[in-house]
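Taken together, the values in this text are just the output of simple stated rules run on the coordinates, not laboratory data. Being a predicted model, the structure only gives us computed values, none of them experimental. Cβ coordinates were reconstructed from backbone atoms using ideal geometry, including for glycine residues, and neighbour counts include every protein chain displayed.
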């Protein structure tokens, strides 16, 4: 279970450009860097979708999901200089299928009805959890 929180980190140094630079699972392009107010405007390419993130402050995590991961991918800018930024992209090290707790195996933890999965008649539908009545 120690694998669940482990992450891969990809550091980047980007200059102002309209071209995307591949950083781990995403493409990043710096459009504007403001040194006075210490923020940057970015274009991101995530799963063939283009996103615009404006006014991303230093040390502000930008979180988004990709099709490969159930945990969010995070982008953090550490330093902003004139037409240049430095930071990192962080993503989960293991996919959901690699971890036994997330691979669809269900366990009854102490007989609590909120943690047990219900079975569906169709194998194509995801399993649902019962909510505890309050």
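Based on the Stokes-Einstein relation at 10 °C and a viscosity of 1.306 mPa s, and on the Kirkwood radius from alpha carbon pairs, region 11-61 is assigned a translational diffusion coefficient of 141 µm²/s. With the gyration tensor restricted to C-alpha atoms of region 6-92, the semi-axes of the equivalent ellipsoid amount to 21, 13, 11 Å, longest first.
Once both labels are positioned 7 Å from their Cα atoms along Cα-to-Cβ, the gap between residue 7 and residue 60 label points is 1.8 nm.
The length gained on full extension between residue 45 and residue 18, counted as 0.36 nm times the residue separation minus their Cα-Cα distance, comes to 8.5 nm.
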